[in-house]
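**Student:** A single structure is presented below for examination.
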Amino acid sequence: MAELVDQEQPIVDAEFRQFETLFCRSLPDSFRLHYLRDNGGAPLEDDVEAGRWGLPVHGFNPIKYGTLTIERLVEDYGDIVPSDDDVGMWAKSTFVPFAYDAGGHAIFMSLRDSDYGYIYLYDPDNGAIFLIERSFEMFRAQLYETSTE
């Protein structure tokens with residue numbers, strides 16, 4: 001299985017719970033468990049080149065520790081107002097920008113009532129929003145290719 005490298009200092013449950021207070025509601029348990037195990041990090045280049053990395057995720061932003069934390073990104077982004085009115089907007093406490101693609105575009109989880117837990121790709125240059133998956137569990141399941149060589 002592919003794994004994350006270059007992670008930041010691990011967090012404990014109390015730190016996660018403190019982080020969670022930044023948002024309008026509780027975060028999914030699968031998200032919490034992921035971050036208690038892997039606080040940020042990027043896929044191993046060999047795994048990407050070997051095709052074991054399923055989604056185009058270039059890395060995960062850490063909680064609390066490191067330079068570009070999720071907390072900082074929430075402040076930097078403010079509200080997300082996409083160019084497509086069909087998906088609506090996200091106030092800064094209603095989304096969690098936790099990962100990014102090779103172009104530096106944010107991958108975030110929605111905390112709105114209408115699409116709680118959905119994972120999106122956000123391109124701030126043109127305001128485009130793309131649905132990736134309908135839950136963090138489904139997103140994680142697609143991260144790692146399960147085929148064996």
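**Student:** In the stretch 36-52, what count of residues is obtained for those that are modelled with pLDDT under 75 and crowded, with 16+ Cβ neighbours inside 10 Å?
**Tutor:** The qualifying residues number 1.
**Student:** Here's a follow-up. Of the conditions (1) crowded, with 16+ Cβ neighbours inside 10 Å; (2) touching a strand residue (DSSP E or B) at 6+ places or on another chain (Cβ under 8 Å); (3) small (Gly, Ala, Ser); (4) more than 19 Å from Ser135 (Cα to Cα), Gly66 clears all except one; give me its number.
**Tutor:** Condition (2) is where Gly66 drops out.
**Student:** While we're here: Report, by residue number, each residue of the stretch 118-132 that is touching a helix residue (DSSP H, G or I) at 6+ places or on another chain (Cβ under 6 Å) and either acidic (Asp, Glu) or over 13 Å from Asp101 (Cβ atoms) (or both).
**Tutor:** Ile129
**Student:** Only one residue in Ser110, Ser135 is touching a helix residue (DSSP H, G or I) at 6+ places or on another chain (Cβ under 8 Å) and at pLDDT 90 or above, so which one is that?
**Tutor:** Answer to the check: Ser135.
**Student:** Can you go through Leu33, Leu22 and tell me which one is closer than 20 Å to Arg134 by Cα, at pLDDT 90 or above and either surrounded by fewer than 19 Cβ atoms within 10 Å (Cβ to Cβ) or under 15 Å from the mean Cα position of the chain (by Cα) (or both)?
**Tutor:** Leu33
**Student:** Which numbered condition in (1) over 23 Å from Phe130 (Cβ atoms); (2) under 14 Å from the mean Cα position of the chain (by Cα) is the only one that Glu49 fails?
**Tutor:** For Glu49, the failing item is (2).
**Student:** Residues that are within 21 Å of Pro124 (Cα to Cα), at least 1 per element: which helices (runs of 4 or more DSSP H) completely within the stretch 6-104 meet that?
**Tutor:** Helices (runs of 4 or more DSSP H) meeting the threshold: 70-77.
**Student:** Tell me which of these Ala102 doesn't satisfy, since it passes every other one: (1) surrounded by fewer than 20 Cβ atoms within 10 Å (Cβ to Cβ); (2) in contact with an Asp or Glu (Cβ under 8 Å, 6 or more places away or on another chain); (3) touching a residue at least 12 places away in the same chain (Cβ under 8 Å).
**Tutor:** The one condition Ala102 does not meet is (2).
The values are calculated or read from the model by the stated rules, or taken from the named source; none is laboratory data. Predicted model only: the values in this text are computed from it and were never measured. For neighbour counting, all protein chains shown are included, and Cβ atoms are generated from backbone atoms with ideal geometry for every residue, glycine included.
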